[in-house]
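Take a look at the structure set out below.
Rule-based calculations on the coordinates, nothing more; no lab input. For clarity, every value in this text was computed on a predicted model and none was experimentally measured. Quick reminder, even Gly has a Cβ in these numbers, built from the backbone with ideal geometry, and neighbours come from all protein chains shown.
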Amino acid sequence: MRRSRLAIYILCSIILLGHAAVARAEKRPLRLAYTEGLLSGVNETDARLAIQKLLVYSDSQQRFDLSTQLYPTLDAMLQDVKANKLHFIIMLAVDYLNNPALQKEITPILVSANGNKPGEEYILLVRKGLASADINKLRGKKLIIADGAPGTLSELWMDSLLLGKGLPESRQFFGTINRASTYSKVVLPVFFDQADACIVARDAYDTIWELNPQVQRDLRELAHSPLLITALYCVTSIVDEKSTQDIIDIALDLNKSKAGQQVLVMMRQKRLQVYRPVDLEATAGLISELERMRMK
């Protein structure tokens, strides 16, 4: 997932550099903020160098002052948001939902989309040789999930699934939970009988079995999640309506440019789409239900 997280930096640069082209006559500061949870495992220096490289290949006459800031805590980011120091934020949807104070200060404008649907569906896969479709058969077994933000979200979904069946949460239920850097490294150990189960994004799994149909013949889906939002793209109150719309317009056209397509592929996303409140309902419901079950 390292490449996908690094691509987040490049993606934001493309969006905001495109916005700069709309407003060449005025040098405008645009400060990007990221939460540490979203970029877990990323070398920040490498990410900054990627942005600088993109700037070199952009129009040399750009009069846009772009800077980035990685925040180790949400409280630190919230403090700078309230101080009007930030313009554009990418963060975990879970962090957004769990922070009412931050929700009052920022506005989601974009989410990732696969086809015409926002978010990502996660599936629990096992080998077809598993004795039954009873998830309890996986107690004490080895589970593989993605690292970074997708792994965090899929583990929360698994916690909810297990608690809903009266079973312990993932870390108590499974004997081992390993994280892998790519979805192929998540799925193939189960295919080769080196792990008992895995959680993978359906879109990524479809790509894997299309390349190797034997994978689909040997694995089966034990459960699936609703469409869940991994990350939100948000603006703060100091970004005016025109600037917000410019960013949205450029983001929606990312899949029409070669550079934009490359970044979207690296992030395992087809495109971005305009955020609607309904897009977060399933993710919010998951978090709410998980909290309710944990309090029992």
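Tabulated values for the structure
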read-out	value
Order of F192, F88 - criterion: other Cβ atoms within 10 Å of each residue's Cβ, fewest first	F192, F88
Sorted by Cβ density within 10 Å, fewest first, the residues W157, W209	W209, W157
Cα-projected label distance for Q194 with R217, points at 7 Å along beta-carbon direction, nm	2.2 nm
Full-extension gain in nm, W209 to K117, via 0.36 nm per residue minus C-alpha separation	31.0 nm
For region 209-220, Karplus couplings with θ = phi - 60° (6.51, -1.76, 1.60), whole Hz, Gly/Pro x	6, 5, 7, 9, x, 4, 4, 5, 5, 9, 10, 9
Principal semi-axes in Å for region 121-224 [√(5λ), Cα gyration tensor, largest first]	20, 15, 12
